[in-house]
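Right, one structure below, let's go through it.
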Amino acid sequence: MESRAKILQALSKKFTDHPAPLPDVKAFPPTAGDPVDKFEFILRGIGGRTVRVSSYTEIDEYIAKEYTSGARIISLVKEVAGSAITPDIDPHTFENVDLVVLQPHFGVAENGAAWITSDRMGDRALPFISQHIALVITTDSILHTMHEAYEQIGNADHPFGTFIAGPSKTADIEQSLVLGAHGPKSMTVFLLSR
Amino acid sequence: MEQKIQDHAILADKFNKDIPRVDWHDKTLWFIREKRDKAAWQIAEWEELREAASQVKNNVLDNLHDYLLEFEKQAQQNGVTVHWAANAEEHNRIVHAIIKEHGVTDIVKSKSMLTEECHLNEYLQQQGITVVDTDLGERIVQLAGEPPSHIVLPCIHWKKEEIGELFHQHLGTPKGNADPQFLTAAAREHLRQRFMTSRVAITGVNFAVAETGEVVVCTNEGNADLGVQLAEVHIACMGIEKIIPQRKHLGIFLRLLARSATGQPVTTYSSHFRKPRPGQTMHIVLVDNGRSERLQQESFRNALKCIRCGACMNTCPVYRRSGGHSYHYAIAGPIGSILAPGLDMKKHADLPFASTLCGSCSNVCPVKINIHEQLYEWRQVLVKSGHVSPVKKAGISGMAAVLSRPGIYKVSGAVGRWFMKYIPALVNNKLNPWYKQREMPAVPKQSFNEWYRQNRKQNGKQS
Amino acid sequence: MKVALFVPCYVDQFYPQVAIATLELLEKLGVDVTYPESQTCCGQPMANSGFEHLTHGCNDNFVNNFSGYDYIVCPSGSCTLHVKDHLHATNETAAAGIRKRVYELTEFLTDVLKVENLTSHFQHKVGLHQSCHGQRGLKISQMSELVSAPFSKTEKLLHMVKGLELIKLSRTDECCGFGGTFCVAEEAVSVKMGIDRVADHVTHGANYITGNDMSCLMHLEGILRRQQSPVKVIHIAEILNAAE
């Protein structure tokens, strides 16, 4: 506690009587163009895959084609096939999950990121420990910019939330891009139009 | 620890003994600068965004006391334990105490420049704790027993063949295999085992939101998330300047951070840690370590706006040609050169001089820190505080005397072309450092002053 | 319009032809130019080395020489910027006036004289080295780091010169590595930066490297001559003053 008081004491010295004002975040309008096209373009540029679908059945078919029957697939999207998870399970047991299917709240066109919160992850470790990840995003939920994203998130009280933009990656070895550094080696986004 | 550090010029000279390597280093970093430019040009309002980010940070620095209290209150309500550390030693003790309390000897850590600044790894190792850095680049330099040479690209100075050899020695990969894909896969397997067994995970913090008490951690690899989500204890370490007022301000910073750093539109993961996962405990360590003192220094306080993107390093023509280690501080490059002397003037007195003051750093800075102006200001402070060689001091004093007396200037110019007489003599070196790799300028028959008197005054044009 | 010519110390001592070209060019354009003869230096070599506190005598001398003019024109972006940012003197009112009225040559030509055409002729391939202090400090041209509309006061003038072919560079505004005392204190990096800058111009076919600052060009010249390169440096004033 002593350091806390010391630090706060040092900081309580007012440096100026006219502290800098906060800027207006709403000053940044959304960019022109179709956000779904842009989202797709950007996400592909950062190593993600996109598949345009118009029904959940198409998603099931796609996954069935890509993964063998022995693959361990967990789906947190009730319309998409895959096993569910039991509550309070040790997250280490997900180490051999081949694919996790999740449904984020929305996507962001300017950077190809998708916002997902812990209530939609099943377990917080799943989006990171799984060998591959698939996201189902409805096309009408894609926003233009991060400013819109935070407006949408608002004051929601999520214990944990993350923007995911593509597969886990690194370029630490001579700037060569390698997908699958620690987390998923691929990310597939199903763009669902209704 | 207290060995004499060689100064930047000497270390840079050593780096320049291998010119092909300097060229490679320069080109690699310039490539990243170009990617940054391309990303910035995608955003029409880029300069307005920089201005907004700068304003938010200015506001934070002016109100840090209140924001920290708000952050602490929110974090505590979220079930997080908040610690305050006045300096690096206290930070290290706090982290060690938490680890010890859980009876753990092996931990994982994702990238955190603060823990580099505090030398946490060395401290914990002395206490018998094994720390594994999980960022691939950091793991590579850790295996090599080196500090990172860049805050975003820790092993940017390593060639893939050298990494192949390092992995062969430490991870048992086949000798001679230097394929980045293969080496990354090997590291993935090696580090997965660590993630699976570590009960404590340390992360840094990119942004801490006062309004919500959440901390945001950005990575491309997902190593921070994997570490935290598989651990019983999450310790997030942050400098007190990492606070931002509201969640919506993240929109500004997340748009700028990755684009400035690597030219990516955003990092792969931007994770918002608000409450610990069920059964987990979460700690946040708030560290001062000279920051509150810095805040009172008008000329230098806004260096605390830094969001650690590394753009100033990638653009710096000196950094690219001298390598991160020549700065002998956890944070290299232009930003390191204005942060380091604030911590220890004597030890880092050389760094503000390791620049041509070209100003490119200030132009790429996403929060508009006037880096090159602070480099200039630090030079003034360092000289006034006596951190200057006697040779240089004598030389400059002589120069100042000549330049304030036009009569003497004319004579001394005519005799020795004073510029080339004075400048090389500022360096205590037997050889003229100008002439070593450059020809001296040819001496003209007369100076302009002489020419003017001869050619113009006769024409009746007098000053 | 009363204009004073401010000649950087190293130009006075090593490159008198640059000052002569500046003087002649301004006179050709009908400007009444005076050269205050007791001028020495702007004080930058000391200040950039951390000795701003020793520049008082030098600054007072500067103010004594340059008070009372409408404009002070200098063929150097770096010296101009230093005066603009750091000139303080016993007579602070006079110093403040000078800080406002000091111009680098090309910005004086484009912004004050509003020159739209020149009679100069220079039949060569020329590379433009954008000196940092002129470019980033005085904003003589757009900077590659900023997302902003392109412009260049220097290029605008060079385009008025008949016969001149301006070459493109890979890195449009990288520092040459001169940096004042940096050129000797950090000799290895300074030289490496200079070698790289020279190479960019040479590989793109320049016969001449020009710029607004003779200090950068002096450094590049030292490297070119050591390499025994046929490529020459030339100050922009010399090109703009080159006769038909």
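The values are calculated or read from the model by the stated rules, or taken from the named source; none is laboratory data. Just so we're clear, the structure is a prediction, and the values are computed from it rather than from any experiment. Here Cβ is always computed from backbone atoms with ideal geometry, including for glycine, and neighbour counts include all displayed protein chains. In case anyone asks, the SASA skips ligands and DNA or RNA and just uses the protein heavy atoms, side chains included. Shrake-Rupley method; radii C 1.70, N 1.55, O 1.52, S 1.80 Å.
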With every protein chain present, what accessible area does A:Arg49 have (1.4 Å probe, heavy atoms only), rounded to the nearest 10 Å²?
110
Rounded to whole Hz and in sequence order, give me ³J(HN,Hα) for the range B:287-298 from the Karplus expression 6.51 cos²θ - 1.76 cosθ + 1.60, θ = phi - 60°, writing x for Gly and Pro.
10, 8, 6, x, 5, 5, 5, 4, 4, 8, 9, 2
Portion, in percent, of the accessible area of the range C:125-240 that falls on carbon or sulfur, probe 1.4 Å:
54
Please state the charge dipole magnitude for the protein assembly as shown, taken about the Cα centre, from unit charges on C-beta atoms (+1 on K and R, -1 on D and E), reported in debye and rounded to the nearest 20.
2180
For the range C:125-240, what does the relative contact order come out to in percent, with C-alpha contacts under 8 Å and a separation of six or more?
30
Taking the highest mean first, how do the peptides B:64-74, C:144-154 order by number of other beta carbon atoms within 10 angstrom per residue?
B:64-74, C:144-154
Within the range B:172-198, backbone nitrogen closer than 11 Å to the virtual label 7 Å beyond the Cα of B:Glu165 toward Cβ
B:176
How long is the gain from B:Lys27 to B:Lys445 if the chain were fully straight, where each residue apart is worth 0.36 nm and the alpha carbon distance is subtracted?
146.2 nm
What figure, in Å² to the nearest 10, do you get for the accessible area of A:Phe15 with a 1.4 Å probe and non-protein molecules left out?
60
With a ≥ b ≥ c taken as the square roots of the eigenvalues of the C-alpha gyration tensor of the range C:125-240, please select rounded if a/c is under 1.5 and otherwise prolate if a/b is larger than b/c or oblate if it is not?
oblate
When all alpha-carbon pairs of the protein assembly as shown are counted, what percent fall beyond 40 Å?
43
Need the C-alpha centroid separation for the range B:313-349 versus the range C:49-92, integer Å.
30
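First measure r as the distance between the Cβ atoms of C:Thr172 and A:His18, then evaluate 1/(1 + (r/R0)^6) with R0 = 30 Å and state the FRET efficiency to the nearest 0.05.
Between C:Thr172 and A:His18 the formula returns 0.15.
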Tabulate in residue order the Karplus-calculated ³J(HN,Hα) for the range A:100-116, using 6.51 cos²θ - 1.76 cosθ + 1.60 with θ = phi - 60°, rounded to whole Hz; enter x for Gly and Pro.
10, 10, 10, 10, x, 6, 6, x, 10, 5, 5, 9, x, 8, 10, 9, 9
Give the residue list of GluC sites (Glu not before Pro) in the range B:1-57 that are DSSP loop and have at most 11 other beta-carbon atoms within 10 angstrom.
B:Glu2
Compare the Cα positions of B:Ala258, B:Val200, B:Thr115 along the charge dipole of chain B (+1 at Cβ of Lys, Arg; -1 at Cβ of Asp, Glu; about the Cα centre) and return the one farthest towards the positive end.
B:Ala258
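For chain B, what is the mean residue ellipticity at 222 nm derived from helices alone (per DSSP H run of n ≥ 4: -39500 (n - 2.57); sum divided by total residues; nearest 500 deg cm²/dmol)?
-14500 deg cm²/dmol
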Taking only Cα atoms of chain C, radius of gyration then Dmax in Å:
17.3, 50
If each of B:Arg93 and A:Ser193 carries a label point 7 Å out from its Cα toward its Cβ, how far apart are those two points in nm?
6.4
Relative to the present Cα-Cα distance, how much length would full extension add between B:Lys457 and B:Asp18 at 0.36 nm per residue of separation?
152.6 nm
Would you work out which of A:Ser55, A:Pro87, A:Ala171 lies farthest towards the positive end of the dipole of the range A:33-192? Charges go on Cβ: Lys and Arg +1, Asp and Glu -1.
A:Ala171
Using a 10 Å cut-off around each Cβ of peptide B:284-295, what is the average number of partner chain Cβ atoms that fall inside?
2
Using only Cα atoms, find the angle between the long axis of helix A:2-12 and the longest principal axis of chain A, and express it within 0 to 90 degrees, rounded to the nearest 10.
70
Rh (Kirkwood, all Cα-Cα pairs) for the range A:65-194, Å, reads 15.5
Across peptide C:190-197, what mean number of C-beta atoms from other chains lies inside 10 Å of a residue's C-beta?
6
Report, to the nearest 10°, how far helix A:56-66 tilts away from the longest principal axis of the Cα atoms in chain A, using its own Cα long axis and a range of 0 to 90°.
70
Would you kindly calculate the translational diffusion coefficient of the range B:1-158, applying Stokes-Einstein with the Kirkwood radius from alpha carbon pairs, for 20 °C and a viscosity of 1.002 mPa s, and quote it in µm² s⁻¹ without decimals?
109
By average Cβ neighbour count within 10 Å, what is the ranking of B:75-83, B:155-163 from highest down?
B:155-163, B:75-83
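Apply 1/(1 + (r/R0)^6) to the Cβ-Cβ distance of B:His102 and A:Gln9, taking R0 = 35 Å, and write down the FRET efficiency to the nearest 0.05. Intermediate results must be reported in sequence, preceding the final value.
Details: r = 32 Å, r/R0 = 0.91.
Efficiency at R0 = 35 Å is approximately 0.65.
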Could you list which residues have their amide H under 5 Å from that of C:Leu166, counting only those 5 or more apart in sequence or on another chain, with H placed in the peptide plane?
C:Val126
Unsatisfied cross-links (Cα-Cα over 19 Å) in the set B:Lys17/B:Lys436; B:Lys111/B:Lys248; A:Lys38/B:Lys27; B:Lys38/B:Lys248; C:Lys100/C:Lys139; C:Lys28/C:Lys162:
B:Lys111/B:Lys248; A:Lys38/B:Lys27; B:Lys38/B:Lys248
For the protein assembly as shown, whose charge dipole is built from +1 on Lys and Arg Cβ atoms and -1 on Asp and Glu Cβ atoms, the candidate among A:Phe15, B:Thr356, A:Pro35 with its Cα farthest towards the positive end is B:Thr356
Quick check: pseudo-label points 7 Å beyond the Cα along Cα→Cβ at C:Ser229 and C:His124, how many nm apart are they?
1.3
Ignoring ligands and nucleic acids, chains A and B bury, in total, an accessible area (1.4 Å probe) to the nearest 100 Å² of about 6800
Where labels lie 7 Å past Cα in the beta-carbon direction, separation of B:Lys347 and A:Ser83 in nm:
5.3
Using a 1.4 angstrom probe on the protein heavy atoms only, line up A:Lys78, B:Lys35, A:Lys14, C:Lys2 by accessible area, largest first.
A:Lys78, A:Lys14, C:Lys2, B:Lys35
Once amide hydrogens are built 1.01 Å from N within the peptide plane, the residues lying 5 or more places from C:Ile72 or on another chain with amide H under 5 Å from its amide H are C:Ala4, C:Val102, C:Tyr103
Restricting to Cα pairs below 8 Å that are 6+ residues apart, what does the relative contact order work out to for chain A? Please round to a whole percent.
26
Separation of the range B:68-88 and the range A:64-109 by C-alpha centroid, Å?
35
Distant-in-sequence amide H partners of A:Ala113 (H built 1.01 Å from N, under 5 Å)
A:Val108
On average over all directions, what projected area in square nanometres does chain B have, based on the convex hull of its Cα atoms?
26.8
Within 10 Å of each Cβ of C:128-135, how many other protein chain Cβ atoms are there on average?
2
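Counting Lys and Arg as +1 and Asp and Glu as -1, each charge on the Cβ, what is the dipole of the range C:2-112 about the Cα centre in debye, to the nearest 20?
100
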Determine how large the accessible area of C:Ser170 is when every protein chain is in place; take a 1.4 Å probe and give Å² rounded to the nearest 10.
80
Candidates A:Pro91, A:Pro19, A:Pro29; GNM for chain A (alpha-carbon contacts under 10 Å) flags as most fluctuating A:Pro19
Only Cα pairs within less than 10 Å get springs; with that Gaussian network setup on chain C, which residue of C:Ala94, C:Ala188, C:Ala206 has the largest fluctuation?
C:Ala188
Let me have the relative contact order for chain B, percent, based on Cα pairs under 8 Å that are six or more residues apart.
20
